[in-house]
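Taking it in order: structure first as structure tokens, then the write-up.
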Amino acid sequence: MKLFFRFISLMTLLLAFTVPAAEPVRFGLHLSAPWSFYNDTKELDGIEYQLVSRIFSRAGFKVEYELHSYSRLLKQFSDKKLDCASPVAVPVAGASYTLPYLPFEDVVISLASSSAEISSLQQLAGKRIVAYQQALQVLGAEFRAAVANANYLELADRALQLELLFSNRVDLVIGERRVLHYLANKTAPQLTLQTHHLFTEKNYPAACWDPALRDVFNRGLELLQLSGELSDILQQYNHQAAIGTE
């Protein structure tokens, strides 16, 4: 009952204090399935997009979405060519950050047929590894030490990373769990993967230049949490991303 009244109170506040801007909100998203992407019918889809679009449409805002590579997303936002962006995992001077809402988990994946046993960072030594760009900085000193004696490569192209794994030219791929699972299922659903959980999941926020837009986002996010929609969307895509994995 308390949750119900909390939900009603938040909805009332959202309606009472939201004054949609005359111009559409320019919102940048990271082009990365299943977070934000164009589906087979060329329509916007994904976890981020579903959540952001529900928040702002229910608050009465019109939004123009742009999807970019991550470095391009941060550049467009930093240059104030976007009103908001998500996710923003780095400090941007003057920006107003929302509550963290996107759960990202970097994992290590291998082919199940390889029977690789990876339960610690130390077991990465000697392996042929491909990871995303700047993974050495993101994953920290212990990871850097662990792969110092590995055949280690960083690539921006996730499809190429997986191609190297599927063709046995690398032993392991390191990247965000949902992204790798989703892409693997799209490109090679007949293969079974092993997922090795070595890194702590982190929740990342969006950021806006106008604190009022941040507040609209946070109120809408809390409504999605209370209604159960946030959990439902995450679970829906979590299930899709997990097909064909162990």
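The values are calculated or read from the model by the stated rules, or taken from the named source; none is laboratory data. None of these values were measured; they are calculated from a predicted model. Here Cβ is always computed from backbone atoms with ideal geometry, including for glycine, and neighbour counts include all displayed protein chains. Heavy atoms of the whole protein, side chains included, go into the accessibility calculation; ligands, DNA and RNA do not. Shrake-Rupley method; radii C 1.70, N 1.55, O 1.52, S 1.80 Å.
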- Any trypsin sites (Lys or Arg not before Pro) in region 43-91 that lie in a DSSP loop and have at most 16 other Cβ atoms within 10 Å would be Lys62, Lys80, Lys81
- Query: Rolling a 1.4 angstrom probe over the protein heavy atoms, how many square angstrom per residue are accessible across region 64-107?
  - Reply: 45
- Note on the structure: Of the accessible area of region 123-246, computed with a 1.4 Å probe and all protein chains kept, carbon and sulfur make up a percent value of 47
- Query: Just Thr192, Thr41, Thr98 to compare: in a GNM of the chain, with alpha carbon springs under 10 Å, which one fluctuates most?
  - Reply: Thr41
- Which of the GluC sites (Glu not before Pro) found in region 33-97 are loop residues per DSSP with 10 or fewer other Cβ atoms within 10 Å of their Cβ? Glu43
- Note on the structure: Counting only residues 5 or more apart in sequence or on a different chain, those whose built amide H sits under 5 Å from that of Gln194 are Ser110, Leu111, Ala112, Glu246
- Query: Given 5 Å bins starting at zero, what is the percent of C-alpha pairs of the chain in each, up to the one with the largest pair distance?
  - Reply: 1, 6, 13, 16, 17, 15, 12, 9, 6, 4, 2, 0
- Message: To test your reading of the geometry: what angle, between 0 and 90 degrees and rounded to tens, separates the Cα axis of helix 229-242 from the longest principal axis of the chain?
- Response: 20
- Item | Pair Glu201, Lys80: separation of 7 Å Cα→Cβ label points (nm) | 3.7
- Query: Taking amide H positions as placed 1.01 Å from N in the peptide plane, with prolines and chain starts having none, which residues 5 or more places from Leu31, or on another chain, fall under 5 Å of its amide H?
  - Reply: His68, Ser69
- Message: Compute the angle between helix 211-227 and the longest alpha-carbon principal axis of the chain, please, reported from 0 to 90 degrees and rounded to the nearest 10.
- Response: 70
- Item | For region 77-140, the spread of Cα positions along each principal axis, largest first, Å | 47, 20, 18
- Query: Heavy-atom accessible area per residue, region 113-246, 1.4 Å probe: how many Å²?
  - Reply: 49
- Computed, not fitted: 222 nm per-residue ellipticity of the chain from DSSP H runs ≥ 4 (each -39500 (n - 2.57)), nearest 500, equal to -12000 deg cm²/dmol
- Using θ = phi - 60° and Karplus 6.51 cos²θ - 1.76 cosθ + 1.60, couplings along region 103-110 (whole Hz; Gly, Pro as x): x, 10, 10, 6, 9, 10, 10, 9
